[in-house]
Amino acid sequence: MLEALSHDIVIVGAGMAGLRAAITAAEINDKIDIGVISKVYPIRSHSVCAQGGTAAMMRDGDSYDLHAWDTVKGSDFLADQDVVEFFVKKAPEEITTLEHWGCPWSRTEEGKINQRPFGGHSFPRACFAADMTGFHEMHTLDGKAKTYPNIKFYDEWFVTSLMIEKNAAAGLTAIELKTGEMSVFRAKAIIMATGGYARVYEFTTFSHTATGDGMTMAYRAGVPLKDMEFIQFHPTGMVPSGILITGGARGEGGYLVNAKSERFMKRYAPEKMELAPRDIVSRAETTEIQEGNGIEGPHGPYIALDLRHLGEEKINERLPLIRDVAIKLSGVDPVDEPIPIRPAAHYSMGGIHANIKTETSVLGFYAAGECACLNVHGANRLGTNSTSDCLVFGAVAGEEAAKFALSHDLRDFSQEKALAEERRIFDDIWGREGDERIPVIRDELRRIMSERVWVFRKEDELKSALNEVRELKERFKNTRVEDRDRQFNTGLVGALQLDFTLDLSEVTIAGALARTESRGAHTRLDYPKRDDENWLKHTLGHYTKDGPRLAYIPVTITKWSPAVRAY
């Protein structure tokens, strides 16, 4: 039998959404016993990489309706408008809450929390802490969470599966990386907050740990994934590393220029220019490069982000991290020369299907943050709405899970299921003696996704990508993990993460192939128009052994009918 650890609530993931959920649950009742499991130390979670800001209506001249409208329009009308309206009303409360907890927001001369313009927003509503917003928000949340005696952290534990009994969450299986031993975590309520999966691509802004673990665990346990075809490509990934260059650089007045030194966005979004939504800017940059207007460099053609006109003083005040990483990782000082950039895989609008209360189709199982799809972002997320999403719906998940835990008992779980999971991990994946290598398959997957499931998509390329991913899934069955030591076995972790991303890539491609229109971040060259008559609906991907089964549900519209999306 496996060791069983028990908590009232178990939260998987210690990024911004997970920590916010833990704090809310702990504050609702100090008798609630909360466990937070993370495969990394919390401050190493990908949330620290958020740079530009957190969106909230904080000023006269702005309004909830304006923020909601910007979000709905930015989503290419695929966002559920009731969820958006709730979201924009809760976001300002999260900003002031973090301030009270000690978040060092950048300030105006009057001492108010400063806000900068951001792509797709019609008002400067991105609250920021220089260009290290996520870093400071995460340190604030981590410090606050550690003050609660009823929150216990399990750092460097790798969760492998979600256990469901009679359509109710019963527990999780997890490996303590220090020992390599598997345990069961029993819980009355489980919150999944494991982030996104953009590491299925070669050129990405994401940390190496962003492999969508929680999405796949939910998917395999019977919870559908929603709108997985919508992957956001950030227009300013630094060449060659892919490190994020925040949209705040353009919010502060940066220009995008091509090989002709031309601010080409005037042809694609004449009103918003560089501050158009990310999908529009990424398509524009890709088009410029494909038409021969990219700047030639040792790592291929790129676009230049020019900050020189901002001056050294403003760059040092507002974009100090950007200057530092550009110097260290690209050999470019943005005070003196433009930064080489091009679109990079950045965010998943899709994720675990959940409602406005973060509830899933499984009783006692909740999802928040980027691993969840609550329909806030639709087909394209506006910059700085993601950290707001993590805070707002992290708090909602914590509250809902706490209420559930207070009114329910621990459920029995199948010890045989847990032992079967242990055998799957250690006898099968770790015990194989095949001749395939994990890094080779992983790199093949990233190449396929980057070549054929990128900014522009076509039917024949998507079909071949789907077939090749399925071939990789078969090849994965013939792998061998080189590391034979149980303690901190990074080879086994890499194998498990590859296993998760193969399933996620398959459902992403299947959804993209089926959606015969262009909407937001999903651009089909063979179907260039948005088709509201046939495709104003969400995709649900249900797991089967033969691949995803797709179904569809309607979009909720409250105030704003779909209109032409122009900037």
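Some points to look at:
- Candidate aspartates and glutamates for bridging to Lys537, where Cα separation is under 14 Å - those fewer than 8 sequence places away on the same chain excluded: Asp76, Asp80, Asp227, Glu229, Glu517
- Residues Arg470 and Asp336, FRET efficiency given R0 of 56 Å [Cβ-Cβ distance, rounded to 0.05]: 0.70
- Between Arg447 and Ile327, the simple spin-label model (points 7 angstrom out along Cα→Cβ) gives 3.8 nm.
- In Hz, Karplus ³J(HN,Hα) per residue of the stretch 494-504 (6.51, -1.76, 1.60; θ = phi - 60°; x = Gly, Pro): x, 5, 5, 5, 4, 4, 5, 6, 4, 5, 5
- Solvent-accessible area per residue, Å², over the stretch 425-567 with all protein chains present [probe radius 1.4 Å]: 46 Å²
- Between the amide H of Arg432 and those of Val481, distances stay under 5 Å, these residues lying 5 or more places away or on another chain, with hydrogens modeled in the peptide plane.
- Sites matching trypsin sites (Lys or Arg not before Pro) across the stretch 1-46 that sit in DSSP coil, with at most 10 neighbouring C-beta atoms within 10 Å: Lys31
- Between the beta carbons of His208 and Asp483, assuming R0 = 25 Å, the FRET efficiency works out to 0.90 to the nearest 0.05.
- Local net charge near Thr479, Cβ-Cβ under 15 Å (Lys/Arg +1, Asp/Glu -1): -3
- Amide H partners (placed H, <5 Å) of Ala4, local residues excluded: Val184
- In the context of the full set of protein chains, the stretch 1-145 has a per residue accessible area of 34 Å² (1.4 Å probe).
- Residue by residue, the stretch 173-182 carries 3J(HN,Hα) couplings of 10, 8, 9, 7, 5, 5, 10, x, 9, 9 Hz when phi is fed to the Karplus relation 6.51 cos²θ - 1.76 cosθ + 1.60 (θ = phi - 60°); x denotes Gly or Pro.
- Overall form of the stretch 504-567 per C-alpha gyration tensor (a/c, 1.5; a/b vs b/c): oblate
- Annotation note: GluC sites (Glu not before Pro) in the stretch 69-155 located in DSSP loop regions with a Cβ neighbour count of at most 15 within 10 Å are Glu109, Glu110.
- Working from Cα pairs under 8 Å separated by at least six residues, relative contact order for the stretch 308-433 is 16 percent.
- Out-of-range pairs (alpha-carbon distance over 31 Å; input Lys226/Lys328; Lys89/Lys463; Lys73/Lys266; Lys417/Lys473): Lys226/Lys328; Lys89/Lys463
- Carbon plus sulfur fraction of accessible area for the chain, probe 1.4 Å, in percent: 49 percent
- Relative contact order of the stretch 273-376, pairs being alpha-carbon contacts under 8 Å that are 6 or more residues apart, as %: 20 percent
- Extension gain (nm, one decimal) between Asp526 and Asp435, 0.36 nm per residue minus Cα-Cα: 28.8 nm
- Crossing angle, helix 438-452 versus the chain [Cα axis fit, 0-90 degrees, rounded to tens]: 40 degrees
- [x] 33.5; [y] 24.2; [z] 22.2, with the label sought being that of the calculated mean projected area of the Cα convex hull in nm²: [y]
- Length-normalised contact order for the stretch 3-46 - Cα pairs under 8 Å, 6+ apart - percent: 49 percent
- Charge sum, other residues only, whose C-beta stays under 14 Å from Phe123's C-beta, Lys/Arg counted +1 and Asp/Glu -1: +1
- Cα-derived Rg to Rh of the stretch 238-341, Kirkwood definition: 0.94
- Charge context of Ile32, other residues only, Cβ under 12 angstrom, K/R +1, D/E -1: -1
- DSSP beta bridges in the chain [antiparallel fraction, %, rounded to 5]: 60 percent
- Coupling constants for the stretch 121-133 follow from the phi torsions by the Karplus curve (6.51 cos²θ - 1.76 cosθ + 1.60, θ = phi - 60°), and in residue order they are 8, 8, 8, x, 10, 8, 5, 9, 10, 6, 10, 10, 4 Hz; glycine and proline get x.
- Qualifying GluC sites (Glu not before Pro) in the stretch 435-512, where qualification requires a DSSP coil assignment and no more than 14 other C-beta atoms within 10 Å, comprise Glu482.
The values are calculated or read from the model by the stated rules, or taken from the named source; none is laboratory data. Nothing here was measured: the structure is a model prediction, and the numbers come from that model. Positions of Cβ are backbone-derived with ideal geometry, glycine not excepted, and every protein chain shown enters the neighbour counts. When the accessible area is computed, the model is the full protein with side chains, heavy atoms only, and any ligands, DNA or RNA have been set aside. Shrake-Rupley method; radii C 1.70, N 1.55, O 1.52, S 1.80 Å.
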